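Data first, discussion second: the structure below is written as structure tokens.
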Amino acid sequence: MRIFRPLLIASSIATAACTAYAIDLTPRQQIEARQSNFKDLGGAFKTIRDQLRLSRPDPIAIEQAAHSVYEMSQAHAMWFPKGTGPESGYETDAKPEIWTDAQGFASANQRFVDAGAKLYSLAQAKNIDGLKQHVPAVGQACKNCHDKFRLPQD
Ligand code: ASC
């Protein structure tokens, strides 16, 4: 076991460093990270939609993208710490309602959490027909939140 101890310690330090980093982001860094995460999320969802349009969708590509969507669906409520709305003075489409209607935001979030989990489980099962049926529900979960909590897009 001794051989492995340095590795364990190294990985604990790395974990602690990452945690500290996430907590120490400034509002501006937090907003930029959030915007970049949403681009990744949109990209992963697009990969799935594009694959499902092909005559022979690639189940591995779908599963990888669905895993990304799933992970981001689990994490994304944490991308909105207090102080990262328009009051920060930085450019953001996040509406103040995210924080003033925390319950509404939590329930919109939960809808996406559920849709993301189902998406990933269908992808793991390589259930192409099930995915085709479920993808619109995922899009609706995105839209539901955007309609209430994101500034209208031009
Ligand atoms: C996407 C994406 C969104 C949602 C939304 C669904 O692919 O980037 O924001 O789907 O358009 O209505």
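Points to keep in mind about this one:
- Any hit, segment 92-102, residues being in a helix (DSSP H, G or I) and either of a type in the set (Phe, Trp, Tyr) or within 12 Å of the chain's Cα centre (by Cα) (or both): yes
- Filter result for Lys148 (touching a Gly at 6+ places or on another chain (Cβ under 8 Å) and either in a helix (DSSP H, G or I) or of a type in the set (Val, Ile, Thr) (or both)): yes
- Sub-9 Å Cβ pairs linking a first residue in segment 28-47 that is without any contact (Cβ under 8 Å) to a residue 12 or more places away in the chain and within 16 Å of Gln74 (Cα to Cα) to a second residue that is within 9 Å of the ligand (Cβ to nearest atom) and assigned to a helix (DSSP H, G or I), at least 6 apart or interchain, are Gly42/Cys142, ordered by first then second residue.
- Residue ID - nearest to Ala123 (Cα to Cα), chosen from residues in segment 20-48 that are in a helix (DSSP H, G or I) and among the polar types (S, T, N, Q): Thr47
- Among the residues of segment 49-68, the ones that are surrounded by 12 or more Cβ atoms within 10 Å (Cβ to Cβ) and in a helix (DSSP H, G or I) come to 13 in all.
- Test result for Gln110, within 17 Å of the chain's Cα centre (by Cα) and in a helix (DSSP H, G or I): yes
- Taking the listed residues Glu71, Glu87, the one that is more than 12 Å from the ligand (Cβ to nearest atom), more than 16 Å from the chain's Cα centre (by Cα), surrounded by fewer than 19 Cβ atoms within 10 Å (Cβ to Cβ) and assigned to a helix (DSSP H, G or I) is Glu87, with no other qualifying.
- Residues satisfying the stated conditions in segment 29-56, i.e. over 10 Å from the mean Cα position of the chain (by Cα), more than 10 Å from the ligand (Cβ to nearest atom) and closer than 20 Å to Asp93 by Cα: Gln29, Gln30, Ile31, Glu32, Ala33, Gln35, Ser36
- When segment 115-154 is filtered for residues that are more than 14 Å from the ligand (Cβ to nearest atom) and either without any contact (Cβ under 8 Å) to a residue 24 or more places away in the chain or touching a Phe, Trp or Tyr at 6+ places or on another chain (Cβ under 9 Å) (or both), the ones remaining, listed by number, are Ala117, Lys118, Tyr120, Ser121, Ala123, Ala125, Asn127, Asp129, Gly130, Gln133, Asp154.
- Annotation note: of Pro96, Pro81, Pro136, Pro86, the sole residue that is touching a strand residue (DSSP E or B) at 6+ places or on another chain (Cβ under 9 Å) and not hydroxyl-bearing (Ser, Thr, Tyr) is Pro86.
Since every read-out is calculated from the coordinates, none of them should be taken as a lab result. Values in this document were obtained by computation on a predicted structure and should not be read as measured data. Please note: Cβ atoms are built from the backbone with ideal geometry, for glycine as well, and neighbour counts cover all protein chains shown.
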